[in-house]
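Comments concern the structure below.
Please treat every number below as a calculation from the coordinates, not as lab data. Treat the numbers as computed from the prediction; the structure is a model and nothing was measured. Using ideal geometry, Cβ is built from the backbone for each residue, glycine included, and neighbour counts are taken over all protein chains shown.
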Amino acid sequence: MRPAGSRDLLALPVLALIAGCARHVVIDPELVPSHNDRDWTVHHEPAAPAAAASTGGRDLPSKVGEAQ
Amino acid sequence: MTRDLLLAAGVTSLALPCASGCAFVPVDVQPPPTQELNAASNVGRGRDVVVEIPFEDQRNDRGRCGTQKNAYNMETADVRCSVAPAEWVAHALATGLQRAGFHVLTAGAPPVPSRARVHGEVTQFFVEPKVNALTFDPEADIGVRLVVETPSGLLAERRFYFKATEVSLVGTEDNFQAAASTATREAVDGMVSAVVALLDRYPQLGGAR
């Protein structure tokens, strides 16, 4: 094997440029909007206020306590 | 003489790219301080919100938080997160909601019909320099999919993506940190505003305290 010479040193940056096509994980700024939803997608609406109130929530434990 | 010139050119062509910020040791980035997140306000009006911490980690590359590069666009070392991104983003959102005036509870809180529960997944969290002719700009991307639901029936979801760029001449650890911090602040601002807008549509939600 011959020792590395100056021409080999010049070849290194060329190889680096070829190998330097690293993948980009971050996206281009102009693509950001396409990755952002403009609004929420609501699959289900919550129950109406009266229905929600009638199901108790936090009041339930204290009512149970009062009953005891 | 020719040999010396070639040698000098070779060494210079290898050394110059490193002057623009090539590094061979990992850089650590950490979440921004609480006081650097969204401005304190009362838009939450004391409404209850449960935030599940951490979110799910759905990133393609879960082994690191980013990469450092040399001027040839070659990866030279990793960027690491001091806090896992799934916890980083969820905790930042919880803090942001608290600063916005919500009463933030942890996942162990008992279910209440009108109490919103926020959970999600981190789809992207990566810091990477954009190598230009004269500048070396770390960019931080944060992608999140949020889900908000209540026992009373609400089920909503939304995708978010945030990008922050720090323009600089050299790639230093501070620039990677600045990009990550700015992207986090933008993410918190965007997600908190979105949660406020969603819950404001349903006055019956969140007032069970």
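Here are the numbers:
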read-out	value
Some residue of the range B:122-139 being more than 12 Å from chain A (Cβ to nearest Cβ), closer than 14 Å to B:PRO85 by Cβ and either in contact (Cβ under 8 Å) with a residue 12 or more places away in the chain or touching a Leu at 6+ places or on another chain (Cβ under 8 Å) (or both)	yes
In the range B:112-127, the residues that are assigned to a loop (DSSP other than H, G, I, E, B) and aliphatic (A, V, I, L, M)	B:VAL112
So B:LEU169, is it of a type in the set (A, V, I, L, M), within 9 Å of chain A (Cβ to nearest Cβ), surrounded by fewer than 18 Cβ atoms within 10 Å (Cβ to Cβ) and over 20 Å from the mean Cα position of the chain (by Cα)	no
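Conditions tested, residue by residue: (1) over 12 Å from the mean Cα position of the chain (by Cα); (2) surrounded by fewer than 20 Cβ atoms within 10 Å (Cβ to Cβ); (3) part of a loop (DSSP other than H, G, I, E, B).
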{"position": "B:ARG145", "(1), (2), (3)": "yes, yes, no"}
{"position": "B:SER152", "(1), (2), (3)": "yes, no, yes"}
{"position": "B:ARG159", "(1), (2), (3)": "yes, yes, no"}
{"position": "B:PHE162", "(1), (2), (3)": "no, no, no"}
{"position": "B:ASP174", "(1), (2), (3)": "yes, yes, no"}
{"position": "B:ASP189", "(1), (2), (3)": "no, yes, no"}
{"position": "B:SER193", "(1), (2), (3)": "yes, yes, no"}
{"position": "B:LEU198", "(1), (2), (3)": "yes, no, no"}
